[in-house]
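Read through the structure below, which is laid out as structure tokens, and then see the notes.
The values are calculated or read from the model by the stated rules, or taken from the named source; none is laboratory data. Keep in mind that this is a model prediction, so the values were computed, not measured. For neighbour counting, all protein chains shown are included, and Cβ atoms are generated from backbone atoms with ideal geometry for every residue, glycine included.
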Amino acid sequence: MNPRPHDSTDPTIGPAATPIAFIRAMVLAHRRYGSDPAAALAAARISQAQLDDPAARVTAAQMEIMSGISMQSLDDEALGWFSRKLPWGSYGMLCRASITAPNLEVALRRWCRHHRLLTDDIILTLEIGGQQASLGITINRPLGEFHEFCLVSILRMAMGYSCWVVDSRIPLLEASFPFAAPAHRDVYPLMFSGPVRFEAELAAIRFDVRYLALPLRRDERALQGMLQRALPLTVLQYRRDRLLVQRVRQLLHAHPDEAATAERLAARLNVSPRTLHRQLLEEGASLQQLKDEARRDRAIELLNRSDRPLKQLAEAVGFKNEKSFARAFKQWTGSSPGAFREQARAARLGPPRASD
């Protein structure tokens, strides 16, 4: 991983959301190795006054510059977390080891296995249970003052690479950490989408298991370019979600009433309504189209297994009256609801038996 190239852009411009606690942890790494952090701090334009203020925040660009210079000057991509250094290029090696995997599950299993070659102070494991996948960290050696920074960075690094390699945002069902909520807990939702839980048994991120089946969309050439600016992956959220259409379909089927509006659906997906519409459009779909599909499937299901009057069925599917329901159903299937029900009933009963 290479540091951010120096240019004339002011790194202090932009939202300052990264807690100064992470910068202070890097300063501790310099001191551990007897190195002066002054050059890295100056390049990132981080003052002593900011270091002394526990509530201070820095920008993503400042974090990137400080991390890159410190990793390279200390020749330790782990920034003092572990009992031995992880030489420059260690995490690039993990990326290269997984870039030829057929899908994300194989890539993450390789990532976990090869990380153990770098250090056994912590162990990364990928677990699958039901509809959830979990990437967790077991701590074998106390991390001391690097505890929070290490766990947050490792999980963000693995997740950032995962999103990049499959070219998709991976929304989290939960992020958990084995420490009390820090004073800067408000930044955690910016780093980990979805619910965040503190004082958990171990550090872990959980997400929909279907993302593990996504094929890798990057190759060695793309990896070479990414490694020139790899650090932003650990601080920035990936925008595109390649399973968004499937997730919207699932919610519309599971919660037809609660997910009736874009606002409610977006809230369940932890995105804004505008983002929801834009990303669906990027995937060649629309919310109205998906809602119509869900209504159609629900109507077919009810017609197949229920003898309720069509007026009640229309209301159950979300139409104001039977006439509008019948018109929409014929557009969907080419048949009226009544005719469809009769055909379904006849199919269940089978052909009439010949009399003896």
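Select from segment 114-126 the residues that are assigned to a helix (DSSP H, G or I) and of a type in the set (A, V, I, L, M) and write down the one among them that is surrounded by the most Cβ atoms within 10 Å (Cβ to Cβ).
Only one residue fits best here, namely 118.
Quick check on this structure: which one of 41, 28 is crowded, with 21+ Cβ neighbours inside 10 Å, in the same structural domain as residue 144 (by TED's automatic domain parsing), more than 25 Å from residue 136 (Cβ to Cβ) and modelled with pLDDT of 95 or more?
Every option except 41 fails the conditions.
So which of 111, 81 ends up being in a helix (DSSP H, G or I) and either touching a residue at least 40 places away in the same chain (Cβ under 8 Å) or not assigned by TED's automatic domain parsing to the domain that holds residue 226 (or both)?
111
The lone criterion from (1) charged (D, E, K, R); (2) modelled with pLDDT under 80; (3) exposed (fewer than 15 other Cβ atoms within 10 Å of the Cβ); (4) under 21 Å from residue 174 (Cα atoms) left unmet by residue 257 is number (4). Looking across segment 84-108, just one residue is of a type in the set (Ser, Thr, Tyr) and not in a helix (DSSP H, G or I), and that is 100.
Scan segment 136-153 and give yes if some residue there is within 25 Å of residue 245 (Cα to Cα), in the same structural domain as residue 66 (by TED's automatic domain parsing) and outside any helix (DSSP H, G or I), otherwise no. No, because not a single residue in segment 136-153 is within 25 Å of residue 245 (Cα to Cα), in the same structural domain as residue 66 (by TED's automatic domain parsing) and outside any helix (DSSP H, G or I). The set of residues in segment 177-197 that are under 17 Å from residue 20 (Cβ atoms) and either in contact with a Gly (Cβ under 6 Å, 6 or more places away or on another chain) or of a type in the set (Ser, Thr, Tyr) (or both) contains only 188. Checked across segment 127-150, the condition of being within 20 Å of residue 223 (Cα to Cα) and either surrounded by fewer than 18 Cβ atoms within 10 Å (Cβ to Cβ) or modelled with pLDDT of 95 or more (or both) holds for no residue. State yes or no: is residue 229 farther than 26 Å from residue 144 by Cβ, assigned by TED's automatic domain parsing to the domain that holds residue 93 and at pLDDT below 80? Taking the combined requirement at face value, the residue satisfies it. Among the helices (runs of 4 or more DSSP H) confined to segment 13-62, the ones with at least 1 residues that are of a type outside the set (S, T, N, Q) and in contact with a Phe, Trp or Tyr (Cβ under 8 Å, 6 or more places away or on another chain) are located at 20-32.
Confirm whether residue 67 is surrounded by fewer than 22 Cβ atoms within 10 Å (Cβ to Cβ), in the same structural domain as residue 217 (by TED's automatic domain parsing) and of a type in the set (Ser, Thr, Tyr). Answer is no for this residue. Among the residues of segment 157-169, are any of a type outside the set (Asp, Glu) and outside any helix (DSSP H, G or I)? For segment 157-169, residues of a type outside the set (Asp, Glu) and outside any helix (DSSP H, G or I): present. Tallying residues that are in a loop (DSSP other than H, G, I, E, B) and either in contact with a strand residue (DSSP E or B) (Cβ under 9 Å, 6 or more places away or on another chain) or more than 22 Å from residue 195 (Cα to Cα) (or both) within segment 262-308 yields 8.
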